[in-house]
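S.K.: What follows is a single structure, and I will ask about it in a moment.
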Amino acid sequence: MTCEFGSVVLVPFPFTAQNALKKRPAVVVSSADYTANRPDLILIAVTSQVRSPLLFGEAPIIQWQGAGLLKPSVIGLVPQAPSRRLGAIGCRWSVPGRGLWAGKGLDG
């Protein structure tokens, strides 16, 4: 299956308060370079729970029907409750010239 940036896919998503997975729609946000070199995808969650006003970090999907969704929907992050903080990596964590921050002055 070929999935590119903006594709709407169906994936098993974990729930914060449960130990279960449910298949939910998600939007692919990984770059073409990422997907060409890895077997997985970077996704952002889709929900039909549209609040007014939208929560911080949510954005409406204007053409939701054309995206194959059944209801008006928004994209947003999946909240996760951490067990504990381990530390921090700062800005210098990637291989120079590669990775997410390449060319942005943050990669070494």
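The values are calculated or read from the model by the stated rules, or taken from the named source; none is laboratory data. These numbers were taken from a predicted model, which means no experiment stands behind them. Here the Cβ is made from the backbone with ideal geometry for all residues, glycine too, and neighbour counts use every protein chain on show.
S.K.: Give the residue that is farthest from L77 (Cα to Cα), with candidates limited to residues of the stretch 47-67 that are surrounded by 15 or more Cβ atoms within 10 Å (Cβ to Cβ) and not aliphatic (A, V, I, L, M).
M.R.: W64
S.K.: Then there's this: Among the candidates V11, V28, single out the residue that is more than 17 Å from K71 (Cβ to Cβ), in contact with a Gly (Cβ under 7 Å, 6 or more places away or on another chain) and either of a type in the set (V, I, T) or at pLDDT 90 or above (or both).
M.R.: V28 is the lone residue from the list that is more than 17 Å from K71 (Cβ to Cβ), in contact with a Gly (Cβ under 7 Å, 6 or more places away or on another chain) and either of a type in the set (V, I, T) or at pLDDT 90 or above (or both).
S.K.: Within the stretch 43-52, is even one residue at pLDDT 90 or above and touching a Cys at 6+ places or on another chain (Cβ under 8 Å)?
M.R.: Taking every residue of the stretch 43-52 in turn, none turns out to be at pLDDT 90 or above and touching a Cys at 6+ places or on another chain (Cβ under 8 Å).
S.K.: Could you look through the stretch 19-46, keep only residues that are β-branched (V, I, T), out of contact with any Asp or Glu (no Cβ under 8 Å at 6 or more places or on another chain) and without any contact (Cβ under 8 Å) to a residue 40 or more places away in the chain, and pick out the one that is surrounded by the most Cβ atoms within 10 Å (Cβ to Cβ)?
M.R.: V46
S.K.: Has the stretch 61-84 got any residue that is more than 25 Å from V27 (Cα to Cα), of a type outside the set (D, E), at pLDDT 85 or above and out of contact with any strand residue (DSSP E or B) (no Cβ under 7 Å at 6 or more places or on another chain)?
M.R.: yes
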